[in-house]
């Protein structure tokens, strides 16, 4: 953290007109650090929110609480920095209500953008090993693929309550609920600064309506 303060100070002293974004954990930021980042040119911070449900945060081995997440977003907003919320749905045993609770939580956090990804276990991660141990994954399919690669291999989603198609539809619903709010749309329209900016926002909007945002 001291190193980060030093970097921010060097940027300010250099007179460079930098504009950058960073990724951070919600449990690593403080108001003083956020102020230093803003003064150095940071305009947006990307945070991993994951879920609004404490039991699912524990399952994902995230050492944070929804209250801690909300605090980080509030501090970031107060510092004059934008935010991006990365959320997850389809976590093993997660219900639709819990998924929609996460959407509502993301809306309450009031970030500039939010992404709702379907929980995907990748090899050699704590999540993948935990799912193998708990029996949520019946086989080490990544190891099987590495041993015998095939062109039709697909990354799998694992939620016994919902099929892959149902998870895709829930993902589309999550994005629609977040991005189709009148207040959010009005705020984005006010931020349009050029024709290219308008086209870019329109393209993202079309993907959301068509359920193509991943």
Gain in span if fully extended, residue 3 to residue 150, counting 0.36 nm per residue against the direct Cα distance: 48.4 nm
Residue order, fewest to most beta carbons within 10 Å, for 21, 190: 190, 21
Gained length - residue 96 relative to residue 190, 0.36 nm times residue gap less alpha-carbon distance: 30.5 nm
With Cα atoms, 0 to 90° folded angle of helix 66-78 axis to the chain main axis: 30
GNM top mover of 41, 82, 135 - the chain, alpha-carbon springs below 10 Å: 135
Label point at residue 68 placed 7 Å out along Cα→Cβ; residues across the stretch 79-102 whose backbone nitrogen lies under 18 Å: 85-88
Spin-label zone in the stretch 10-49 - amide nitrogen under 20 Å from a point set 7 Å from the Cα of residue 181 along the C-beta vector: 44-49
The chain: angle of helix 195-209 to the longest principal axis, Cα-based, in degrees nearest 10: 30
Likely footprinting exposure, 145, 73, fewest C-beta neighbours within 10 Å first: 145, 73
Rough spin-label spacing in nm, given labels placed 7 Å along Cα→Cβ, for residue 199 and residue 107: 3.3
Most mobile listed residue (183, 25, 156) in the chain, GNM with C-alpha springs under 10 Å: 183
Virtual spin-label span in nm between residue 20 and residue 58, 7 Å along Cα→Cβ: 3.9
Most mobile of 83, 194, 23 in a GNM of the chain (Cα contacts under 10 Å): 194
Taking only Cα atoms of the stretch 81-199, radius of gyration then Dmax in Å: 17.9, 53
Reference-scaled alpha-carbon Rg (2.2 N^0.38 Å with N residues) for the chain: 1.15
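None of the figures in this text is laboratory data; all of them are computed from the coordinates on show. These numbers come from a predicted model, not from an experiment. Quick reminder, even Gly has a Cβ in these numbers, built from the backbone with ideal geometry, and neighbours come from all protein chains shown.
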